[in-house]
């Protein structure tokens, strides 16, 4: 989930996928396949969701728009 959150932010994908995957895990592994206990399935999917959102909304120092020149009030020349 950490890598998926970072990948989602870098590629500009919708963060909706960070909600769908933990929900899918909890439904499939807990309710349908009964592979894990109910508490484990739902708590682990909550942890998945939190980790994915941390990396999605986390450190943005490496984003390409960080180095762009900020323009306020359009381009204006001091000569005019």
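Coordinate-derived values only; no laboratory data. Worth saying up front: this structure is predicted, and the values here are computed from it rather than measured.
Brief remarks follow.
- Computed extension gain for residue 57 through residue 10, at 0.36 nm per residue and net of the alpha carbon distance, reaches 15.8 nm.
- Applying 0.36 nm per residue to the separation of residue 36 and residue 23 and subtracting their alpha-carbon distance, the gain on full extension is 3.2 nm.
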